[in-house]
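Asker: My questions will all concern the structure given below.
The values are calculated or read from the model by the stated rules, or taken from the named source; none is laboratory data. Small disclaimer: the values here were computed from a predicted structure and weren't measured. All Cβ positions, even for glycine, are placed from backbone atoms using ideal geometry, and neighbour counts span all protein chains on display. To get the accessible areas, we keep the full protein, side chains included, count just its heavy atoms, and leave off ligands, DNA and RNA. Shrake-Rupley method; radii C 1.70, N 1.55, O 1.52, S 1.80 Å.
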Amino acid sequence: MTKSSFALRRCRLLGLLEERKSGAAVFSHLPNVRYLSGFTGSNAVLLLTGRGATLFTDPRYELQAAEEVDCPVKVVRGSLWPEVAKLVRRRKITTLALEAEHLAQAEFARIAAGLGDSVTLGDVSGLAERLRSVKDPHEIEAIRRSMDLCGRAYLQTLKKIKPGMTENGIAAELEYRMRRLGAEKPSFETIVAAGERSALPHAQPTGSRLEANQLLLIDMGACLDGYASDMTRVVHTGRAPRLVKRLYDAVLEAHLAAFAMVRPGVTCSAIDGAARKTLKRFGYDQYFQHSTGHGLGLEIHEAPRVGRLIGDVIEPNMVITIEPGAYIPGTGGVRIEDTVLVTDRGAESLTKVPKDFLVLES
Ligand code: ZN
Ligand code: ZN
């Protein structure tokens, strides 16, 4: 990542701000601060005006900011916002947009009071997220490597999984492998759910043991160079009953139907609809209660949301997940999830782990 790419992003964002007739904005959501400045620490805000950007952070990050950031840095003891207000007044800024969605109401009120009556406040929520939804080549490369690493950790672990292991034990093994292969951390808390618990779409791993003749759902992702990957696979220990096989086939078909819809120009709801229509044909649509997918990048869930009634249009170089599922209480759940890159004419799955129904022989 060259420092000049941050300047380019800020330049594009300023263009969007001008369209909204706002001359200046402050970004406080850390993934946006990172995206616009390169700063990876845990305390900073970025003031962006037509005259340039200034990053505010505290003394713990003085050296780190000097290394990472390509704009002027102001190191502040105590709260950052009074210093932001001082600079806003000094530059005679009269309209200032904040990321209201990412600020608690009390915090917003405090900031407004600090800025005083001479500044009209606006809302810049979602604007940096809109830029972030289309990835640049460097970001695509990072997600590709993150996904590759995650897939390798999964396949290495799969060889070791046996009935008798706990969900927690399997999750620990997956996360250990990811770190050994170079991940900074998992991109979210690894989900491992055995048997009937696989019907809980967001099951936290427990101490319960994997048994023979059970479904096992694993949803995992790596974080590499700050970029997330995300995949879900479901395997069965021992021969699967016909109902389970049918459930798997239905979800796989829904996954492939949604994937086939992905190309520039289609809406998110059309992709979601393709998955839902397929599951309906199998009579499983009432067991699919979440969205078909989500964007991912610096955060595990980001724009666009690939769900029902979402009119957002898919663009080249977006990275989204495709993850339909069906969860039958008392039987179990199947979800098949890939991380998918939108190309100029279609899509490429960055998740190379096979999706065929897999039986783990014990
Ligand atoms: Zn996932
Ligand atoms: Zn996901």
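Asker: What accessible area per residue comes out for the chain, rounded to a whole number of Å², with a 1.4 Å probe?
Answerer: On the way: 16230 Å² over 362 residues.
I get 45 Å² per residue for the chain.
Asker: I'd like the distance separating the alpha-carbon centroids of segment 326-362 and segment 1-48, in whole Å.
Answerer: If we compute the Cα centre of each part, the gap is 35 Å.
Asker: Given a 1.4 Å probe and every protein chain left where it sits, what share in percent of the accessible area of the chain is carbon and sulfur? Don't skip to the end; give the middle numbers.
Answerer: Numbers: 8520 of 16230 Å².
Answer for the chain is 52 percent, counting heavy atoms of protein chains only.
Asker: Can I ask one more? Could you give me D for segment 9-53, from Stokes-Einstein at 4 °C and 1.567 mPa s, where the hydrodynamic radius is the Kirkwood radius over C-alpha pairs? Units µm² s⁻¹, please. Numbers along the way, then the final one.
Answerer: On the way: Rh = 10.7 Å.
Calculated translational D: 122 µm²/s.
Asker: Need one number: % antiparallel among DSSP beta bridges in segment 3-132, to the nearest 5.
Answerer: Values: 10 of 20 bridges.
Among the beta bridges of segment 3-132, antiparallel pairing accounts for roughly 50 percent.
Asker: Now a separate question. Helix 81-90 versus the longest principal axis of the chain: what is the Cα-based angle in degrees, 0 to 90, to the nearest 10?
Answerer: The answer is roughly 40 degrees.
Asker: Still on this structure, I have one more. Largest first, please: the extent of the C-alpha atoms of segment 3-132 along each principal axis, to the nearest Å.
Answerer: 36, 33, 26
Asker: Something else: Run a plain Debye calculation on the chain (Cα atoms as equal point scatterers, no solvent) and give log10 I(q)/I(0) at q = 0.10, 0.15 Å⁻¹, rounded to two decimals, same order as the q list.
Answerer: -0.69, -1.20
Asker: How many angstrom lie between the Cα centre of segment 277-309 and the Cα centre of segment 197-274?
Answerer: Cα centres, segment 277-309 to segment 197-274: 11 Å.
Asker: Please list, in order, the residues from segment 15-46 whose amide nitrogen is less than 19 Å from a point placed 7 Å along the Cα→Cβ vector of Arg110.
Answerer: Within reach of a label on Arg110: 26-30, 42-46.
Asker: Follow-up. Which peptide among 73-84, 310-321 comes first, and what is the full order, when sorted by highest mean count of other Cβ atoms within 10 Å?
Answerer: Working: 73-84: 16.4, 310-321: 18.8.
Ranking the peptides 73-84, 310-321 by packing returns 310-321, 73-84.
Asker: Which values, in whole Å and largest first, are the semi-axes of the equivalent ellipsoid of segment 217-362 obtained as the square root of 5 times each eigenvalue of the Cα gyration tensor?
Answerer: The three semi-axes for segment 217-362 are 25, 18, 12 Å.
Asker: Taking just the alpha-carbon atoms of segment 53-115, what radius of gyration and Dmax come out, in angstrom?
Answerer: Radius of gyration, then largest Cα-Cα span, for segment 53-115: 12.7, 33 Å.
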